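Working notes, structure below.
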């Protein structure tokens, strides 16, 4: 059954980007450290059209996430930060629905990625992504504000945190938009390696 899922790297002190993030510095100062675990992996390299790479549990987990995704939803800030680095052939190879306040025509890229801009909010974007994904999952491609919005709407089925053993000391917090609200999660899987711990969690709904 199709799910709405999120995968995101986070520091031990809860940040998904370092301080001073911008279009020219999308991960903020020192934020690149959160993703060093994934760059050498065969699963990550394959989705970016590259050969080789390390295999093992971390790579298998990345490949699993890619294979499950039939469509993506992302926030406008994530799109603005990623559009340049992704180039003419973004790594999604599937429909991507961008939550925004600005009307814009769909943007078609090579490799099967089309960005569709949705002005009706997260619920509309998720619903359109569900229809596009078919039997596959809807993957939330970030950032934190979008994930919080989908969680608050009761639409998030699963989140996988890639917990990186570093304290960034500041930056963009994953759950900053929750505003102190208590949300319970159930841990459904834990996978560890020396460089990262993967926590799969399911929100507990009343």
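For region 27-51, the tally of residues that are in a loop (DSSP other than H, G, I, E, B) and over 18 Å from residue 164 (Cα atoms) stands at 4. Applying a threshold of 8 Å to beta carbon distances and a minimum spacing of six or more residues, or different chains, the list of pairs starting in region 192-203 at a residue that is modelled with pLDDT under 95 and ending at one that is not in a strand (DSSP E or B) reads 193/37; 193/56; 193/57; 193/58; 195/36; 195/37; 195/58; 195/165. Any idea which residue in region 171-201 is surrounded by the fewest Cβ atoms within 10 Å (Cβ to Cβ), counting only those that are within 18 Å of residue 28 (Cβ to Cβ) and in contact with a strand residue (DSSP E or B) (Cβ under 7 Å, 6 or more places away or on another chain)? Checking each candidate, the answer is 173. Taken together, the residues in region 95-110 that are without any contact (Cβ under 8 Å) to a residue 40 or more places away in the chain, out of contact with any helix residue (DSSP H, G or I) (no Cβ under 6 Å at 6 or more places or on another chain) and either closer than 23 Å to residue 149 by Cβ or surrounded by 13 or more Cβ atoms within 10 Å (Cβ to Cβ) (or both) amount to 7.
Look at residue 7 and say whether it is part of a loop (DSSP other than H, G, I, E, B), buried (at least 16 other Cβ atoms within 10 Å of the Cβ) and either at negative phi or at pLDDT 95 or above (or both). In short, no. Filtered by the rule that a residue be in contact with a strand residue (DSSP E or B) (Cβ under 6 Å, 6 or more places away or on another chain) and without any contact (Cβ under 8 Å) to a residue 12 or more places away in the chain, region 12-30 gives a lone residue, 27.
The values are calculated or read from the model by the stated rules, or taken from the named source; none is laboratory data. Bear in mind that the values here come from a model prediction, so they are computed numbers and not experimental data. Here the Cβ is made from the backbone with ideal geometry for all residues, glycine too, and neighbour counts use every protein chain on show.
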